[in-house]
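Here is the structure we will look at.
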Amino acid sequence: MKSTRKQDWKLFEETVAQIEKVLAPKGAVVKSPDRITDLITKRQREVDASIRYFQGSSPVLITIECRHRKKVQDDMWIEQLVTKQKKIGATKTIAVSSNGFTKPAQMTAKEFGIELRTCVEVPDEQVLDMLDGMSFSATAIFRHIENLHIQVENKDKPSGLVKPKIDADIEQNQKDAVIAYTESENKEIRLSELIEIMDESTQSKEDQSRKLNGEVLTLTIEVDNDFWYYPVNGLKYGIRKIQLTLRFSSNVESIPITSVSNYYNGQTEVAQLVKATFQLDDKTSANISLVR
């Protein structure tokens, strides 16, 4: 389940930032990583993440520092964070460890107001039991061209020439086929644009349900034939109406969970981050994160 695309420490920082973004006050801006000016040296200091928001009219800056190491974090790191917090003018600093804190570190943090968190990735063999049947799935909707009807103005022009030419273009170029041109800008209108118009005009729950059920939807566009045209043998055939009929089908695929991380404030679990990856094709994948 573990990813090999990024180093563990970077994934750890991203996990913490995602959780803190959900836990942050409404309207807060979370940035990871971030660079903040040192009030004394005027140099830029990097923090693993920052949270900015307003409390009334007063700006609040919370910085987050992470350490993904095998050993328990000691008092020295907390002392460093106390100094760094003062020098960059942070309202509060949250220190996050993947393996907890020593007792002296906890005492120092309490004395100087450093909040301690622990983020622990659940072992792979425990993930399924912990999620208690929870799973992810994605529904892919596919579109198939059922029919494309184009009504053209044939007055004083040979008829029956436009459709064979467009059909041949569609067979060769599929959705990139040109099915019309605009008179004013001579712009190409491609079949893919009509499909996009179909998608934008069928976003209702009823239409989405029909797509999932594999039904057929038709898009009708009536055009002023002085605006769109199609050229054949040097003649411009004005287009009056276009009807595009699409047949839909769908497929549900399960999305494998790649990791689960528990986020603690002391001994209290405050959040859990579940990550999953969905492979769309050989070159494209989608990452899903759920904080609960």
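The values are calculated or read from the model by the stated rules, or taken from the named source; none is laboratory data. As the structure is a prediction and not an experimental result, all values here were calculated from the model. All Cβ positions, glycine included, derive from the backbone under ideal geometry; neighbour counts span all protein chains shown. Accessible surface is based on the protein model in full, side chains and every heavy atom, while ligands, DNA and RNA are left aside. Shrake-Rupley method; radii C 1.70, N 1.55, O 1.52, S 1.80 Å.
Here are some notes:
- Nearest 10 degrees, 0 to 90: helix 75-88 Cα axis against the chain principal axis: 60 degrees
- Taking only protein heavy atoms and a 1.4 Å probe, the accessible area of the chain is 48% carbon and sulfur.
- Note on the chain: GNM, Cα springs under 10 Å; of Ile114, Ile239, Ile62, the largest mean-square fluctuation is that of Ile239.
- Think of the chain as a dipole: +1 on every Lys or Arg Cβ, -1 on every Asp or Glu Cβ, centred on the Cα centre; then among Thr63, Val232, Val178, Thr63 lies furthest on the positive end.
- Across the options Asn99, Gln44, Val16, the greatest Cα extent toward the positive end of the charge dipole of segment 1-139 (unit charges at beta carbon of Lys, Arg, Asp, Glu) belongs to Gln44.
- Solvent-accessible area per residue for the chain (1.4 angstrom probe, square angstrom): 60 Å²
- Degrees, to the nearest 10: 162-173 long Cα axis against longest axis of the chain: 30 degrees
- Once divided by 2.2 N^0.38 Å, the Cα radius of gyration of segment 42-82 becomes 1.51.
- Global form of segment 7-78, assessed from the alpha-carbon gyration tensor, a/c cut-off 1.5: oblate
- Compactness relative to 2.2 N^0.38 Å, alpha carbon Rg of the chain: 1.53
- The base-10 log of I(q)/I(0) for segment 141-292, evaluated at q = 0.12, 0.13, 0.17 Å⁻¹, reads -0.68, -0.75, -1.02 [Debye formula, identical scatterers on Cα atoms, solvent excluded].
- Here the dipole of the chain is about 1240 debye; that uses its Cα centre as origin and unit charges on the Cβ of Lys and Arg (positive) and Asp and Glu (negative).
- Descending by average beta-carbon neighbour count within 10 Å, the peptides 270-279, 24-33 line up as 270-279, 24-33, the highest first.
- Three-way shape label, segment 51-156, alpha-carbon gyration tensor, a/c 1.5: oblate
- Entries of Lys26/Lys205; Lys31/Lys86; Lys10/Lys110; Lys21/Lys211; Lys31/Lys71 with Cα pairs more than 23 Å apart: Lys26/Lys205; Lys10/Lys110; Lys21/Lys211; Lys31/Lys71
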